[in-house]
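Here the structure is laid out as structure tokens; the discussion comes afterwards.
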Amino acid sequence: MPNILSHGKVIDDHWILLSDEDAIPAQGDIIVPLSTWAAQREVLLAREGAVSVLLDGQDEVETIADDLAHFPMIAIHFAKFVDGRGFSSALLLRDRYHYQGNIRAIGHIIRDQLFLMKRCGFSEFSFSAEIDLHAAADSLNVFSESYQTAADTAEPLFRRRR
Amino acid sequence: MYTYDQYDQTLVDERVAQFRDQTQRYLDGQISDEEFLPLRLQNGLYVQRLAPMLRIAIPYGLLSSRQVRKLAEISRRFDKGYVHFTTRQNIQLNWPQLEEVPDILAELASVQMHAIQTSGNCIRNTTTDQFAGVAVDEIEDPRPWCEIIRQWSTFHPEFAFLPRKFKIAVCGSEEDRAAFLLHDIGIQLVKNDRGETGFHIYVGGGLGRTPVIASSIREFLPQKHLLTYLDAILRVYNRYGNRDNKYKARIKILVKAWTPEVFAQRVESEWQQIIAGDKDGLGELTGREIERVKTCFTLPNYKIVDQAEADAQLAALAQDNIPFARWLSRNVRDQKQPGYSAVTLSLKPAGVAPGDVTDRQLEKIADLADQFSFGELRSTHNQNIVLADVLKSDLFDLWQLAKADGLATPNIGTINDIICCPGGDYCSLANAKSIPVAEAIQRKFEDLDYVYDLGDLELNISGCMNACGHHHVGHIGILGVDKKGEEWYQIQIGGSASKQAALAKVLGPSLSRDAVVEGIEKLLDVYIEHRQPEETFLATYQRIGMDKFKERVYAEHS
Ligand code: SF4
């Protein structure tokens, strides 16, 4: 089982990531592409095991806004680490739709993005590259303050300055 | 000027530590080139043709003498003893060592400076008028708003990986000296019927390959909503801007594709949702914060001066001293405080790359600022330095000292005050050199009587179509092009970066380097023959059109 970072800790990952061509297994917690969710929603809800949806860069969070209660976790895929769309997706899930479950970044991400990603509401990180996750966890806390409001702070710094 | 409190200082200090760690991991082979690229760019570090280049932020162009001395020291210790002022009010070091960049950043942090987000696909330094706070035609000082935007944009978690770079300019006066209509977001300070200051918001301006003048999307935005509205614009751009083709990735392309009306609606709808979700209005700027930042930009203790008497004394001095009179007429302007002037130190003497200054000159500039302008100075997007708040009775002394250090060339606003990008001498993207062209033009037009007779004339040179030298908005623009491996130059005329912004039009086939100066001379001949009294080059062009210029330049070629 591959490891991931979850809330700053290295844990074993039990989620199975499916592509849109994979058959849906009867059991186990699975992550499916948005297209699979749209096409097989009833099947996915009827089976045993939890379901999570994978949003690609161009997928709009608005399309799953009414379904969020079904997902204990939402995965956001980065095809390239410089594709910043997933940052907006995560922040919208937290701020606009008040999503409380885990938000996981999957794919080409780098540890130097973790601080900003955490601020946007990501709680889990699954790297496509083999990296030292314990060391990477240090990057979650490189700054002790932030100017802006985000998923982690409702008040911008200017309301907290003293 | 704005001074850091413990929060601001902590953030830049932590940034230095972060980049030190990243640089070490890169040197240890733990970060690939591809992955290190945005990390170093967002700390100002490019890899150029000859060496790395470090771009240091000068927020909205404002510097203290202490900071300038530090820059001099840095350029001596870590570089070749000179710095380059850019067209975005920043400075560049052309020869730093990658290994030493964290130390340079630490030195900068010790004087409340940084290189954060001076490059890369993120929100860049916010720019404004070099005469902010003293301009006669000012509606309100734009600098507090620039600082508020600086803080909001610094490490903004959502917008660190935009489709492309993103530039914001704020204009606080009647006349535009910030070229705000040529920015991704242009903000014009305006007053409503009740006398309250708010913002007229424009989006989608920019130079580069596809030059566009920005479109208005909101005529009056109340102060407290500035940051939430900027969030809305950036979010729409971050989500829907083109990420497949870097030449189509600027916000101007999205605005054009959707039309400004549709873009404005999308922003409005996003913004309404942001506000609706923020029930307690926590994202709104507070009056307390606006006041806190404004009080950093309080005016110095001006003396009460008899304006008429000061002017009379100056006139008397100028009468006996033609060089001083020339400098007064080109490099000095009145400011709104009576008895005081704003002085432009020219960084464009012939023979020096426009915007380059040595460490010694930087120290002299710092001394002049301490002696004459309350220890503050401003960089300009025309690549010069402004000392504001100079007592008129001090101008003669200031002139003599500046002249001794090569900082008093009386050419501001003339054909010799060329805006010029680093071009092929330094920049790996260049099609052609730009600095030697600037120099050839300055050498050709050395006769000051002729230059003054030409009056206000903006000549801008870029070494390629990325347009760092703003050639599209020069009255005369020169663009380096590549013709089968040779360096050629396309001439454009009729551009303007003022509020009546206009993009220059191509004159005709490009010219070889040798033919450029002659071509410019012919353009000027046509102007002199056709101008009406008091008419500038630009105005004559607008009246008589392109043909006469074109015919003259290409006469013997046809
Ligand atoms: S305009 Fe081109 S040549 Fe000049 S600095 Fe910009 S990228 Fe380089």
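The values are calculated or read from the model by the stated rules, or taken from the named source; none is laboratory data. All of these numbers come straight from a predicted model, not from anything done at the bench. Counting neighbours? That spans all protein chains shown, and the Cβs are built from the backbone with ideal geometry, glycine included. The accessibility values were calculated without ligands, DNA or RNA, using every heavy atom of the protein model including side chains. Shrake-Rupley method; radii C 1.70, N 1.55, O 1.52, S 1.80 Å.
Inspect all residues belonging to the range A:125-147 and state whether any of them is closer than 17 Å to A:Val61 by Cβ and either outside any loop (DSSP other than H, G, I, E, B) or within 8 Å of chain B (Cβ to nearest Cβ) (or both). Scanning the range A:125-147, I find no residue that is closer than 17 Å to A:Val61 by Cβ and either outside any loop (DSSP other than H, G, I, E, B) or within 8 Å of chain B (Cβ to nearest Cβ) (or both), so the answer is no. If only residues of the range A:82-93 that are of a type in the set (A, V, I, L, M, F, W, C) and facing chain B (nearest Cβ under 7 Å) are counted, the one that is most open to solvent (accessible area, probe 1.4 Å) is A:Val82.
Would you check if B:Ile217 is within 20 Å of the chain's Cα centre (by Cα) and either on the phi < 0 side of the Ramachandran plot or crowded, with 23+ Cβ neighbours inside 10 Å (or both)? Considered against the rule, which asks whether it is within 20 Å of the chain's Cα centre (by Cα) and either on the phi < 0 side of the Ramachandran plot or crowded, with 23+ Cβ neighbours inside 10 Å (or both), B:Ile217 comes out as no. Scan the range B:460-475 and tell me whether some residue there is more than 16 Å from the ligand (Cβ to nearest atom) and within 30 Å of B:Glu175 (Cβ to Cβ). Scanning the range B:460-475, I find at least one residue that is more than 16 Å from the ligand (Cβ to nearest atom) and within 30 Å of B:Glu175 (Cβ to Cβ), so the answer is yes. Return yes or no: is B:Glu446 more than 16 Å from the ligand (Cβ to nearest atom) and open to solvent by 10 Å² or more (accessible area, probe 1.4 Å)? It is true that B:Glu446 is more than 16 Å from the ligand (Cβ to nearest atom) and open to solvent by 10 Å² or more (accessible area, probe 1.4 Å). Against the test of being under 27 Å from the mean Cα position of the chain (by Cα) and assigned to a loop (DSSP other than H, G, I, E, B), the options B:Arg292, B:Arg243 yield a single qualifying residue, B:Arg243.
Filter the range B:261-280 down to the residues that are of a type outside the set (D, E, K, R) and without any contact (Cβ under 8 Å) to a residue 24 or more places away in the chain, then identify the one that is most open to solvent (accessible area, probe 1.4 Å). The residue in question is B:Gln265. On the stretch given as the range A:73-107, residues that are part of a loop (DSSP other than H, G, I, E, B) and closer than 27 Å to B:Leu11 by Cα total 4.
So that you can scan it fast, the table gives a plain yes or no per residue for (1) assigned by TED's automatic domain parsing to the domain that holds B:Lys252; (2) closer than 30 Å to A:Phe78 by Cβ:
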| position | (1), (2) |
| --- | --- |
| B:Asn125 | no, yes |
| B:Asp141 | yes, no |
| B:Phe155 | yes, yes |
| B:Phe161 | yes, yes |
| B:Phe166 | yes, yes |
| B:Val170 | yes, no |
| B:Glu174 | yes, no |
| B:Arg177 | yes, no |
| B:Ile185 | yes, yes |
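Out of A:Phe122, A:Phe127, one residue alone is more than 18 Å from B:Pro157 (Cβ to Cβ), among the hydrophobic types (A, V, I, L, M, F, W, C) and under 13 Å from the mean Cα position of the chain (by Cα). It is A:Phe127.
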